[in-house]
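Asker: Please see the structure below; I have some questions.
Read the figures in this text as sums done on the coordinates, not as results from a lab. Because the structure is a prediction, the values reported are computed rather than measured. Virtual Cβ from ideal backbone geometry, glycine too; neighbours counted across all protein chains shown.
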Amino acid sequence: MDGSGLTSGSQQAGILQSLLQNTLEQIVIAGSVYVAWCLLMPASWLSTAPICSILFAIGRISFFIGYHKGAPARAFGFALTFYSSVLLFVTLVVYQAVIA
């Protein structure tokens, strides 16, 4: 029996692997930013994290739906996923720079 590294999977398996890999990368980025946000921002700003989590979920669903149709179709999902984390991160850094 060959190991998975010695065989090539089906095209569908490759697509699903790409989706999972991309989602893992985005979860690590978002999770790190969300934890930092919750630990470092004042309590009055904490409602932003659940809102961005909802945007993340909508973005991932949109990304999955558009993945088979090419880059333009998945761009909205990627943007919703990635840029909500970037916005939180930039806001966090600016806030901490002003406070410190």
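Asker: Find the residue count for region 6-35, including only residues that are outside any helix (DSSP H, G or I) and loosely packed, with under 11 Cβ neighbours inside 10 Å.
Answerer: Result for region 6-35: 3.
Asker: So, of the residues in region 41-60 that are among the aliphatic types (A, V, I, L, M) and under 14 Å from Thr91 (Cα atoms), which turns out to be surrounded by the fewest Cβ atoms within 10 Å (Cβ to Cβ)?
Answerer: Per the stated criteria, the residue is Leu46.
Asker: Right, here's the next one. List every residue pair whose Cβ atoms lie under 8 Å apart, where the two residues are 6 or more positions apart in sequence or sit on different chains, the first residue falls within region 53-76 and is touching a residue at least 12 places away in the same chain (Cβ under 8 Å) and within 14 Å of Leu19 (Cα to Cα), and the second residue, located anywhere, is part of a helix (DSSP H, G or I) and basic (Lys, Arg).
Answerer: From region 53-76, the pairs are Ser62/Arg74; Phe63/Arg74; Tyr67/Arg74.
Asker: Quick check on Cys38: is it out of contact with any strand residue (DSSP E or B) (no Cβ under 6 Å at 6 or more places or on another chain), under 28 Å from Tyr95 (Cα atoms) and either surrounded by 15 or more Cβ atoms within 10 Å (Cβ to Cβ) or basic (Lys, Arg) (or both)?
Answerer: Criteria not met by Cys38.
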